[in-house]
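Encoded as structure tokens, the structure appears first; notes follow it.
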Amino acid sequence: MHQMPQSPTYDDVQGAAARIAPYAHRTPVLRSRLIDERLGTQVVFKCENFQRMGAFKFRGAFNALSRFTPEQRRAGVVAYSSGNHAQAVALSAQLLGIPATIVMPHDAPAAKVAATKAYGGQVVAYDRYTEDREEIGRALAAERGLTLIPPYDHPQVIAGQGTAAKELFEEAGDLDALFVPLGGGGLLSGSALSAKALSPNCEVYGVEPEAGAKGERSVRQGSVVRIDTPKTIADGAQTQALGAYTFDVIRRDVTGFHTASDAELVKAMRDFATFMKIVVEPTGCLGLAAVRDLAGRLRGQRVGVIISGGNVDLDRFASLLAS
Ligand SMILES: *Cc1c(COP(=O)(O)O)cnc(C)c1O
């Protein structure tokens, strides 16, 4: 039996920051005078829509892959994802010269499959209605000696994701509150580690789709709650459960939770396009949607929002704004 790796700490975030620095973008921290005026709150945005491959997931994937032993590098990595994690692993593997196998549903958007292949990833298709991707991933790992990198429940993935908030606090200073999109909790737990270390009085909130608030329920119940896949436009947060590592950190270091409906996400998406001229994918809008909803309570405060990604097909973007 392998020993379970230790729960990640802020030291791991600092290590990750040093490892990813030559490869990841230090994304901009932006503000909007008009958004501040409308909300009566000073909002600083960490713009991971400008990260390599268009989302923060590059940070965690690159950090985890850069820790491979020479044998692990030779054998290769496997990941299962239909979304940003697939592209993050494929790009990181390409940069590090590691062969990557990505398990994707055969009906995944053609653009995502193409992007993953363009980064040199070998795509293995499965049927999402009859097959279990985790099982396929584990079988490939066992047969071919590949190392499986999960999208969030991994100490080095969490540590990598925490580097976005680390950069935000270094640039913006102390904040009263930080709002973070929540799927499986890699981004939220990493952000909480950085907040604790760099701005200890900052309240940290996870923002989930209204259709599936498993984070809030898990912490209230004191154990990981599994829900049905939530129906929401926030496809990066259609997660059924937190992981063991992410739950541990979230339960200890996160102040609370908030939810956003699809309609609220579209309003935030429109604000980003209108006031900041940026394209943000629906999941990336969770933080601003919460701040809009809580504006009365946050009046006069200084709050951070992590914009987690910008990967949305422009036709879909247009039709969401038109709806
Ligand atoms: C994966 C993802 C999330 C959720 O991150 P977790 O670490 O799973 O909580 C949020 N936004 C975007 C754009 C993502 O790709």
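Those residues that are more than 23 Å from S199 (Cα to Cα) and touching a strand residue (DSSP E or B) at 6+ places or on another chain (Cβ under 7 Å), I need them from segment 1-43; list them, please. Once the filter is applied, which keeps residues that are more than 23 Å from S199 (Cα to Cα) and touching a strand residue (DSSP E or B) at 6+ places or on another chain (Cβ under 7 Å), segment 1-43 yields only I35.
Residues that are of a type in the set (A, V, I, L, M) and free of Cβ contacts under 8 Å to residues at least 60 places away in the same chain occur in segment 21-38; there is at least one. Checking L182, L187 one by one, the residue that is within 24 Å of R67 (Cβ to Cβ), touching a Phe, Trp or Tyr at 6+ places or on another chain (Cβ under 9 Å) and crowded, with 20+ Cβ neighbours inside 10 Å is L187 and no other. Number of residues in segment 26-63 that are more than 22 Å from S189 (Cβ to Cβ) and touching a Lys or Arg at 6+ places or on another chain (Cβ under 8 Å): the value is 5. When each of A86, A90, A61, A16 is tested for being in contact with a Gly (Cβ under 6 Å, 6 or more places away or on another chain), part of a helix (DSSP H, G or I) and within 23 Å of D132 (Cβ to Cβ), the lone residue that passes is A90. Entry remark, segment 242-259: residues being crowded, with 17+ Cβ neighbours inside 10 Å and under 21 Å from A289 (Cα atoms) number 5 in total.
A quick yes/no check of all residues on (1) surrounded by fewer than 24 Cβ atoms within 10 Å (Cβ to Cβ); (2) more than 12 Å from the ligand (Cβ to nearest atom); (3) free of Cβ contacts under 8 Å to residues at least 60 places away in the same chain; (4) over 25 Å from V124 (Cβ atoms):
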site: A141; (1), (2), (3), (4): yes, yes, no, no
site: I158; (1), (2), (3), (4): no, no, no, yes
site: E203; (1), (2), (3), (4): yes, yes, yes, yes
site: G215; (1), (2), (3), (4): no, no, yes, yes
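Every condition in (1) over 26 Å from A21 (Cα atoms); (2) in contact with an Asp or Glu (Cβ under 8 Å, 6 or more places away or on another chain) is met by V103 except one, and the failing one is (2).
Within segment 66-83, if we keep just the residues that are part of a strand (DSSP E or B) and either within 16 Å of the ligand (Cβ to nearest atom) or touching a Cys at 6+ places or on another chain (Cβ under 8 Å) (or both), the residue that is farthest from H106 (Cα to Cα) turns out to be A79.
Here, each number is a calculation from the coordinates, and none is a lab measurement. As the structure is a prediction and not an experimental result, all values here were calculated from the model. Here Cβ is always computed from backbone atoms with ideal geometry, including for glycine, and neighbour counts include all displayed protein chains.
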